1. Go through the range B:455-486 residue by residue and tally those that are in contact with a Leu (Cβ under 7 Å, 6 or more places away or on another chain) and surrounded by fewer than 21 Cβ atoms within 10 Å (Cβ to Cβ).
2. Specify the residue that is nearest to residue A:172 (Cα to Cα); the eligible residues are those in the range A:297-320 that are polar (S, T, N, Q) and at the interface with chain B (Cβ under 10 Å from one of its Cβ atoms).
3. Residue by residue through the range A:256-283, note down the ones that are surrounded by 24 or more Cβ atoms within 10 Å (Cβ to Cβ) and at the interface with chain B (Cβ under 9 Å from one of its Cβ atoms).
4. Sort out which residues of the range B:176-195 are among the acidic types (Asp, Glu) and under 18 Å from residue B:114 (Cβ atoms), and write them in order of number.
5. Answer yes or no as to whether residue A:56 is within 22 Å of residue A:287 (Cα to Cα) and either modelled with pLDDT under 95 or more than 17 Å from the chain's Cα centre (by Cα) (or both).
6. What pairs can you find where one residue is in the range A:346-369 and of a type in the set (D, E, K, R), the other is buried (at least 23 other Cβ atoms within 10 Å of the Cβ) and in a helix (DSSP H, G or I), and their Cβ atoms are less than 6 Å apart, with a gap of 6+ or different chains?
7. Restricting the search to the range B:113-140, which residues are surrounded by 14 or more Cβ atoms within 10 Å (Cβ to Cβ) and at pLDDT 80 or above?
8. Out of all the residues in the range A:229-251, which are farther than 21 Å from residue A:41 by Cβ, facing chain B (nearest Cβ under 7 Å), assigned to a helix (DSSP H, G or I) and touching a residue at least 12 places away in the same chain (Cβ under 8 Å)?
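The values are calculated or read from the model by the stated rules, or taken from the named source; none is laboratory data. Bear in mind that the values here come from a model prediction, so they are computed numbers and not experimental data. Backbone-built Cβ (ideal geometry, glycine too); neighbour counts: all protein chains shown. For accessibility, only protein heavy atoms count, side chains too; no ligands or nucleic acids. Shrake-Rupley method; radii C 1.70, N 1.55, O 1.52, S 1.80 Å.
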Amino acid sequence: MTTEMVSSLFQKLSRLNWGIVSLVFLISAIGWILLISAAGGDIHLWAFKQMLRFAVGVVIMFSIALIDLRWWLHFSYIFYGFSLVLLCGVELSGFIGMGAQRWIDLYIIQLQPSELMKIALVMALARYFHSQRLPLPFHKLFFPLCLIFIPVMLLLRQPDLGTAMVLMMAGGALFFLAGVSIWIFGIVLISIGASLPILWSFLHEYQKKRVLMFFDPSQDSLGAGYHITQSKIALGSGGMWGKGYMQGTQASLNFLPEKQTDFIFTLLCEEWGFMGGSFLLSLYALLIIACFRIIFTTQDDFGRFVAAGMTLLFFLYVFINVAMVMGLLPVVGIPLPLVSYGGTAMLTLLMGFGFILNVGLHRTLKIPRFSIGVF
Amino acid sequence: MSEKENTQFLGRTLFLGILQFVLLLLLLGRMYYLQIFEGNYYHLLAEGNRIATRPLIPLRGQIYDRHKSPLAQNEASFRAVLLTDKKDKIEEVLDTLSGLIALSFEEREEVLKLAQKKRGFDSIIVKDNLSWPEISAIELHVADLPGISIEVGSVRKYPEILNGAHLLGYIASPSEKEQEEDSMLTIPGLKVGKVGLEKYYDVRLRGLPGHSAFEVNAKRKIVRDLHQVASIPGEDVHLTLDARLQAYAQETLSSYESASAVVIDIQNGDILTLVSTPSFDPNLFPRGISHTDWLKLRDNPYVPLTNKAISGLYPPGSTLKPFVTLAALHSGVIDENSTIHCPGYMFVGTHKFHCYRKTGHGSVNFSRAVAESCDVFFYEIGKKVDIDLLSTVYQDFGLGRAGFEGLPHSKKGLVPTKNWKKEEKSANWTVSDTVQTSIGQGYMLATPLELVVAMARLAGGGKRLVPRLEDQGTVSFQDMGYEQKYIKAILETMNATVNKPSGTAFRWRIPIEGMEMAGKTGTSQVRRITLQQRKAGQTKTAHLPWKYREHGLFLGYAPAHKPRYAIVVVIEHAGGASLAVQAARDILLKAQFLEKETVL
């Protein structure tokens, strides 16, 4: 066993990918500025709380980054199991928040197990793919498929359509990277298409409404289509340079719904225009490119699956949220990563970046396929 | 992972990376489309969200008579208004309110219906035209009536009830059709002229609405005032009408079932009086007329809603004889000295036409023929005069022509010609037709306004006078080219008609020197007197049922030697002309007295 010995903590810190760290800080700072505007100039309403959460999240991110990757490999199934138990706990004792059972009260913070599950699933799949000879034979697909579908089923019951979709897409992408044949993807896609009508019957009335409304928001512009219509108006009316900071009429007069959470990108576009919007999108793109550099240069399978999975999760957040507020996707309740007001999503994302940083630190490390052992 | 798998992994990672990049570009493209390509459209929508406007209704212009006394003015009215902020409490508030003021079930339902539609700052008129006790009752209980406030508006008021109702018309809320044609009328609360001068001058009287703009939030609550564009009040209209004479004429004619009269100033065409009876109270309309009141007006057999002075079509009867005479003199068919023997009847073909005087007038010249209304004289002229020439003279004097373009219900009379009969009746013109036309019967129809214009043109010396409702400064009228000596001679016969003992209207002359009246009587048959009736001695129709009696007409002017006022009076189914002459005498006398008063 070749051991790259653990150097001192400071050495490790200095080798962190500071590009990624500074992009994370920059994007979060943009978020705080927007939250101040959303609160009509009030820092304390949302921005200050968000900064505190970010501080906590950053500590967690660094902690995750500095712990040895093999340790995470070792604990990945346990972590998955723990998340699954929490997810079931929501079913049993969760309370109703925003019409959906998504939160579990841990007395100190309200935890969203579905967020933890995203991290856990990526790690569990990465560990499984790491432990197998790739490409996987057909019968070995069953176990990782179960890893995906058990939480997906639980999430659909909650119902949390957005997270379920994210889990399926992230899982599917990891299968794709693991070398699963294109043919199998084709078959799966077709069978999903065939089962859509059945899935439709599982959806709640408001979810059906949102999906229908997505196809024709003008049909009910004061009801369920209101969000999309007003969001498009706010975004479109920003023009090239925007209406100016804190000058967004749609936001300040409350035409824009959920302006501090899911629709914050619209607030940005209304006040800062196309310039502001494309600036933030460019920052996201840079961050993703930086993550991809790590994936490409990492030797170890577990490491690069983890990094790829976390990057994908991040990308899905960005894409689904932005596409949703621009009326390209139905409203599913996915926040804009690092910018939207809210604790758990940010925590998940910072944990994700912790893992990406971790993999970046351990680029040259190569963990043997069958070693489950502790370092 | 073997080398092959490693390459595959890197390849697929690259693929995912490129896919993500493409998807991000797609978002950028969408953003560009929404913000730059459709930016203006969404900007407008955002402004529409943000800015709400409330129309400011312009004050309607007032209508005055020639002496500046108001005929239609605006009066302050107080109304209870409900702000729809607190929707859930509306029923409660209405309950409390109906304990204080009279609130019908329909009014209540209407408010509830509107409250469903409107949001936030919009206000609903709960009850208009509050009385003082109602206002104080509401003010006293204002604490129990959240959302209710009292607003000052204006309501149209026609001060001289019944006088000039027809000519002025009235205003009311616009119909859906009117709103489609003119989008300005969709402004809630804006009233529009429905008929009469209120409609004729509507665009001028209406003014331009303004608006006040507010910034509102998503709940339609006002955040702040933005700006105000003041409304521009409508223009005032000053009529040529004399309210005092109008009132007098109205009162004079109100003793008859159905009548109309017009007085015109021969010097300038000013319409001094234009009356139609029975009339109605125009004040019923601006506040919204009740259904029973409306039915009463609509189904009245004497059609009070119609302005007969401009839309009533009557056979002018003998009143046309001066014009026939002029046509005959003008065309040389007769001269001043021509005489005709009147035996009391005349045959045209096999048909026997009777004279006004059964026993006949003996030998008559045109002067006696007019004054004593000898029909046979005119039958003889009628046989000789070409109908198209006669029609040209009629039309020169405004028959079948005069009227106010655009004044609602204004109609034109009918002056028949050979072509007209060929086209409309598919028949050739006959001598019998000419004979009938020459005594103002047959196809011939005229409105009272046309008749008075003809009178004024004749009395004015054959000038093409144009009637007018507004004083637009001094005017001079074009001469129509008729021989002055003929006109003078004809006017003299009209003088004789009234002021010579043998004249048909001598009993009702004005015996005051300098104020004498001249004119011509006329009766027009509504139904031919049958041979049997004539044999039974029935040549008069006074004892027939009202609607079969003859119309009584009088066309005249005063003073007889210095024509100033031309008048027409038509009394429907009067059975004879005497009532019309009496009414004309009274009105002309009043007009001259008023003139003196004004001069003094």
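1. Of the residues in that region, 4 qualify.
2. Of the range A:297-320, the ones polar (S, T, N, Q) are A:297-299, A:311.
Of the ones still in play, those that are also at the interface with chain B (Cβ under 10 Å from one of its Cβ atoms) are A:299, A:311.
Values: A:299: 22, A:311: 14 Å.
That would be A:311.
3. If the condition is that a residue be surrounded by 24 or more Cβ atoms within 10 Å (Cβ to Cβ) and at the interface with chain B (Cβ under 9 Å from one of its Cβ atoms), then A:256, A:269, A:270, A:273, A:277 are the ones that fit.
4. Initial filter on the range B:176-195 (among the acidic types (Asp, Glu)): B:176, B:178, B:180-182.
B:176, the sole residue that qualifies.
5. Values: within 22 Å of residue A:287 (Cα to Cα): yes; either modelled with pLDDT under 95 or more than 17 Å from the chain's Cα centre (by Cα) (or both): yes.
Yes; evaluated as a whole, the condition is true for this residue.
6. Listed by first residue and then by second, the contacts come to nothing, as the list is empty.
7. Passing the criteria: B:126, B:127, B:130, B:134, B:135, B:137, B:138.
8. Of the range A:229-251, the ones farther than 21 Å from residue A:41 by Cβ are A:229-233, A:235-236, A:239-240.
Among the residues that remain, those that are also facing chain B (nearest Cβ under 7 Å) are: A:232-233, A:235-236, A:239-240.
Retained after the next criterion (residues that are assigned to a helix (DSSP H, G or I)): A:232-233, A:235-236.
Hits for the range A:229-251 are A:232, A:233, A:235.
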